[in-house]
Amino acid sequence: MLAAAAALGSLAGLEISIREHVAGYRSHTTLLAAAPGVLTMGALFFAGAPRWTMLAGGLFVFVTAYYLLRELFKRRSGGHGFR
(Lines give C-alpha, C1' and ligand atoms only; values in the text may rest on other atoms or scores of the structure.)
Protein backbone atom coordinates (compact mmCIF):
# COMPACT_ATOMS: atom_id res chain seq x y z
CA MET A 1 0.00 0.00 0.00
CA LEU A 2 2.88 2.35 0.71
CA ALA A 3 4.40 1.79 -2.74
CA ALA A 4 1.02 2.41 -4.38
CA ALA A 5 0.61 5.65 -2.42
CA ALA A 6 4.09 6.81 -3.46
CA ALA A 7 3.37 5.96 -7.10
CA LEU A 8 0.07 7.88 -7.07
CA GLY A 9 1.70 10.86 -5.39
CA SER A 10 4.46 10.87 -8.00
CA LEU A 11 1.93 10.73 -10.82
CA ALA A 12 -0.01 13.63 -9.30
CA GLY A 13 3.16 15.71 -9.07
CA LEU A 14 4.05 14.85 -12.66
CA GLU A 15 0.57 15.88 -13.80
CA ILE A 16 0.87 19.28 -12.11
CA SER A 17 4.31 19.75 -13.66
CA ILE A 18 2.95 18.98 -17.12
CA ARG A 19 0.10 21.49 -16.70
CA GLU A 20 2.39 24.28 -15.48
CA HIS A 21 4.98 23.61 -18.18
CA VAL A 22 2.54 23.50 -21.09
CA ALA A 23 0.74 26.62 -19.85
CA GLY A 24 4.04 28.53 -19.79
CA TYR A 25 3.76 29.21 -16.06
CA ARG A 26 6.86 27.38 -14.78
CA SER A 27 9.57 25.45 -16.58
CA HIS A 28 9.80 21.81 -15.46
CA THR A 29 11.93 20.73 -18.41
CA THR A 30 14.41 18.53 -16.53
CA LEU A 31 11.73 16.68 -14.57
CA LEU A 32 9.55 16.11 -17.62
CA ALA A 33 12.51 14.98 -19.77
CA ALA A 34 13.69 12.56 -17.09
CA ALA A 35 10.37 10.68 -17.01
CA PRO A 36 10.59 9.20 -20.55
CA GLY A 37 14.33 8.63 -20.08
CA VAL A 38 13.72 6.52 -16.98
CA LEU A 39 10.88 4.65 -18.69
CA THR A 40 13.17 3.88 -21.64
CA MET A 41 15.87 2.57 -19.32
CA GLY A 42 13.30 0.41 -17.52
CA ALA A 43 12.00 -1.03 -20.79
CA LEU A 44 15.54 -1.82 -21.94
CA PHE A 45 16.31 -3.43 -18.57
CA PHE A 46 13.35 -5.78 -18.81
CA ALA A 47 14.25 -6.50 -22.45
CA GLY A 48 17.62 -7.79 -21.24
CA ALA A 49 19.77 -5.12 -22.89
CA PRO A 50 23.34 -4.52 -21.72
CA ARG A 51 23.92 -1.70 -19.25
CA TRP A 52 25.71 0.57 -21.72
CA THR A 53 22.74 0.25 -24.09
CA MET A 54 20.32 1.17 -21.30
CA LEU A 55 22.41 4.21 -20.41
CA ALA A 56 22.83 5.32 -24.03
CA GLY A 57 19.13 4.85 -24.80
CA GLY A 58 17.99 6.68 -21.67
CA LEU A 59 20.42 9.53 -22.29
CA PHE A 60 19.34 9.89 -25.92
CA VAL A 61 15.67 10.04 -24.96
CA PHE A 62 16.40 12.50 -22.13
CA VAL A 63 18.38 14.89 -24.34
CA THR A 64 15.80 14.75 -27.14
CA ALA A 65 12.88 15.31 -24.77
CA TYR A 66 14.76 18.11 -22.99
CA TYR A 67 15.30 20.01 -26.23
CA LEU A 68 11.69 19.57 -27.39
CA LEU A 69 10.20 20.50 -24.01
CA ARG A 70 12.45 23.55 -23.74
CA GLU A 71 11.29 24.80 -27.14
CA LEU A 72 7.66 24.15 -26.16
CA PHE A 73 8.08 26.22 -23.00
CA LYS A 74 9.70 29.06 -24.95
CA ARG A 75 6.74 29.17 -27.34
CA ARG A 76 4.16 29.04 -24.57
CA SER A 77 5.83 31.58 -22.27
CA GLY A 78 6.39 34.24 -24.89
CA GLY A 79 10.06 33.56 -25.57
CA HIS A 80 11.29 33.16 -22.01
CA GLY A 81 13.69 30.27 -21.37
CA PHE A 82 12.74 29.94 -17.69
CA ARG A 83 10.46 31.49 -15.07
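The values are calculated or read from the model by the stated rules, or taken from the named source; none is laboratory data. These figures come from a predicted structure and were not determined experimentally. Remember, those area values only see protein heavy atoms, side chains included, never the ligands or the DNA or RNA. Shrake-Rupley method; radii C 1.70, N 1.55, O 1.52, S 1.80 Å.
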Checklist outcome for this item: To the nearest 10 degrees, the tilt of helix 51-76 (Cα long axis) against the first principal axis of the alpha carbons of the chain is 10
Checklist entry - If you roll a 1.4 Å probe over the chain with all protein chains in place, what percent of the accessible area is carbon or sulfur? => result 73
Item to check | Per residue accessible area of the chain, 1.4 Å probe, in Å² | outcome: 72
Next on the checklist: Between helix 2-23 and the chain, what is the angle of the helix's C-alpha long axis to the longest principal axis, kept within 0 to 90° and rounded to the nearest 10?
Outcome noted: 40
Checklist entry - Can you give the direction-averaged projected area of the convex hull of the alpha-carbon atoms in the chain, in nm²? => result 6.0
